[in-house]
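Reading through the structure tokens given below for one structure.
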Amino acid sequence: MKTFIKNILLIGLVMFLAQHFRPEIKTAISNLRYQYFPCTQTVYYSIGSFDQRFDLTEEELKEYLKEAEDKWDAASGKNLLEYREGSDFKINMVYDKRQETTDALEDLGSGLDQSKADYDVMKSAYEAKFTVYQKSRKSFEASWANYQKKNQEYNKQVSYWNAQGGAPESEYDKLDAIKRELRQEGEVLLRTQEALNVETNSVNKMVGELNALAQDLNLDVVAYNEVGSKQESEFEEGKYYRGPEGEWIDVYQFENLTKLRRVLAHEFGHALGLEHVDDKDAIMYLLNTSENENLSAGDLEELARVCEKKF
């Protein structure tokens with residue numbers, strides 16, 4: 001009887017732990033598949049959040065997702081990816097400043113007939129946006145400088161008390177409170193910096209459009225310069241995430257359907273474990289600058305490396 005009760009309690013404990021740590025267990029299993037058993041199991045995905053401001057329907061997105069998955073399935077001869085309603089691996093359409101700027105430029109461009117007056121309209125729109133950007137950047141830089149100053153003072157105090165063999169309890173509590181405040185402030189600043197980077201991309205995109213129009217019209221005007229560092233990093237239109245919180249793809253921006261299909265195929269490649277390749281026409285190239293929608297030799301070599309099979 002005692003053994004039976006122990007077994008019941010043990011089963012209950014195992015079930016409780018399995019339920020309580022379900023996300024961690026799923027992440028661990030996903031990591032094992034990703035690192036040690038690539039291309040051996042089908043990766044099921046579904047549509048998660050879908051912002052209606054995109055010029056796209058969910059049914060159309062499903063169609064483009066199917067096209068993207070078929071590229072990798074056909075190349076491998078396996079069912080690597082498959083849509084399954086309710087799957088934990090989500091594809092999210094996230095509308096933010098990137099797509100907002102793309103849409104605004106498209107709307108602005110569609111109303112222009114390539115004249116000097118049109119250039120002036122675009123120039124006014126750019127200068128208004130640039131003014132807001134400058135204010136945001138100056139505010140961030142001031143906040144960052146203040147944060148750095150407080151962080152240096154905190155480290156100075158910590159070093160002082162460490163040299164004394166430790167701080168009294170009252171001083172320790174003060175330093176601990178300052179540490180928590182600095183951590184929170186640092187997290188806010190990082191989010192602000194990310195938002196500012198998005199704004200930098202938006203401003204630079206308008207610079208490109210404005211200078212291109214001036215060149216097309218052969219205008220004798222000074223070209224505008226891009227602000228900040230040139231943001232040409234790793235398919236900024238979308239991103240694949242995998243961590244303790246789960247596994248998902250966020251799509252932020254696409255100029256046209258070719259770019260969207262390339263973004264989806266690219267992020268699916270990362271979900272399968274593929275890294276970037278050097279071929280500029282490849283789906284897995286770090287920049288979405290090509291119009292090619294087919295897997296290149298570089299893509300196939302990377303897929304073969306991950307799946308340990310020659311195609």
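Just so it is clear, none of the values below were taken in a lab; they were calculated from the coordinates. Only a predicted model underlies this, so the values are computations on that prediction, with no experimental measurement involved. We place every Cβ from the backbone using ideal geometry, glycine too, and count neighbours over all the protein chains shown.
Give a quick list of GluC sites (Glu not before Pro) in the stretch 269-305 that DSSP marks as loop, anything other than H, G, I, E or B, with at most 16 other Cβ atoms within 10 Å.
Working: sites: 275, 291, 293, 301, 302; in loops: 275, 291, 293.
Filter output for the stretch 269-305: 275, 291, 293.
To the nearest 20 Debye, how big is the dipole of the stretch 99-216 about its Cα centre, given +1 on the beta carbon of each Lys and Arg and -1 on that of each Asp and Glu? Provide the component values of the computation, followed by the final result.
Working: 15 positive and 21 negative charges, 135 e Å.
Roughly 640 debye, rounded to the nearest 20.
Which pairs, out of 66/123; 129/174; 62/205, put more than 31 Å between their alpha-carbon atoms?
Working: 66/123 41 Å; 129/174 43 Å; 62/205 29 Å.
Over 31 Å Cα-Cα: 66/123; 129/174.
Pulled fully out, how much extra length does the chain show between residue 42 and residue 177, if you take 0.36 nm times their separation in residues and subtract their Cα-Cα distance?
43.8 nm
At R0 = 45 Å, how high is the FRET efficiency between residue 152 and residue 131 if r is their beta carbon distance? Nearest 0.05 is fine.
Numbers: r = 32 Å, r/R0 = 0.72.
Approximately 0.90, to the nearest 0.05.
Once fully extended, how much extra length lies between residue 59 and residue 187, figured as 0.36 nm per residue of separation less the alpha-carbon to alpha-carbon distance?
42.3 nm
What FRET efficiency comes out for residue 84 versus residue 300 if R0 is 30 angstrom and r is the Cβ-Cβ distance? Round to the nearest 0.05. All intermediate terms of the calculation are to be shown ahead of the outcome.
Details: r = 26 Å, r/R0 = 0.88.
Computed FRET efficiency for residue 84 and residue 300 comes out at 0.70.
If you count, for each residue, the other Cβ atoms within 10 Å and average over each peptide, how do 195-203, 165-173 line up from highest to lowest?
Packing proxy ranking, top to bottom: 195-203, 165-173.
How much FRET efficiency would the formula 1/(1 + (r/R0)^6) give for residue 123 and residue 197, where r is the Cβ-Cβ distance and R0 is 30 Å, rounded to 0.05?
Values: r = 24 Å, r/R0 = 0.80.
Efficiency, rounded to the nearest 0.05: 0.80.
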